[in-house]
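What follows is one structure encoded as structure tokens, with my remarks underneath.
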Amino acid sequence: MRARIAADLKTAMKAGEKDKVGVLRLINAAIQTAEIEAKSTIDAAGVIAVMTKMVKQRRDSIAQYTSGGRPDLADKEQAEIVVIEAYLPKQMDEAAVATAIAAAIKESGAAGPKDMGKVMGVLKAKYAGQMDFQKASAAVKDLLK
């Protein structure tokens, strides 16, 4: 994934795509920061986690900019999300998420709300970067009532 980002960065620089270059540099910086914090090289799952966090931050910013009456900044953040998501695994649709949650509940043997952590642990291990865990958490909570 890093090689792809580096190659795309070079291509974007040659093509004069300033916005894409900026986002790719932000991705590289975030990965390097994560490696410094981990004091070692992070694996592909770690890179996905870093980029997923970047998308989440931008979605939060979009909400704030929209409520603050700054659609221009919200549009810029949305454009950054598009570039970042191009490197993330394809997101699961709602039906696939529901199936994965049901399988995780069965696998973990969850019986009630106190077992929610077990279910989320299974989901995060198997589907990192493929689903919105905030939405999945709400769905798991509803199913384990």
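The values are calculated or read from the model by the stated rules, or taken from the named source; none is laboratory data. Given the structure is predicted, the values throughout are model-derived calculations rather than measurements. Note that we place each Cβ from the backbone using ideal geometry, even for glycine, and neighbour counts take in every protein chain shown. Please note that ligands, DNA and RNA were not included when accessible areas were found on the heavy atoms of the full protein model with its side chains. Shrake-Rupley method; radii C 1.70, N 1.55, O 1.52, S 1.80 Å.
Quick one: net charge around T66, please, counting Lys, Arg +1 and Asp, Glu -1 for every other residue with C-beta under 14 Å from its C-beta. Overall, the nearby charge balance is 0. Average accessible surface for the stretch 1-133: 62 Å² per residue, computed with a 1.4 Å probe over protein heavy atoms with every protein chain in place. Volume of the convex hull of the chain (Cα atoms only), normalised per residue: 137 Å³. Across the stretch 126-141, rounded Karplus estimates of 3J(HN,Hα) from the backbone phi angles (6.51 cos²θ - 1.76 cosθ + 1.60, θ = phi - 60°) give 8, 10, 4, x, 9, 9, 7, 6, 5, 5, 5, 4, 5, 5, 4, 4 Hz, Gly and Pro being marked x.
Beyond 29 Å in Cα-Cα separation lie none of the pairs K56/K145; K20/K53; K39/K124; every one falls at or below that value. K106: which aspartates and glutamates have alpha carbons under 17 Å from its alpha carbon, excluding same-chain residues fewer than 8 sequence positions away? Partners within reach: D115, D142.
Annotation note: trypsin sites (Lys or Arg not before Pro) in the stretch 6-95 located in DSSP loop regions with a Cβ neighbour count of at most 15 within 10 Å are K39, K90. Net charge dipole, the chain: roughly 260 debye, given to the nearest 20, about the Cα centre with Cβ charges of +1 for Lys and Arg and -1 for Asp and Glu. Straight-line cross-link reach from K135 at under 16 Å between alpha-carbon atoms covers these aspartates and glutamates, not counting any fewer than eight positions away in the same chain: D60, D93, E94.
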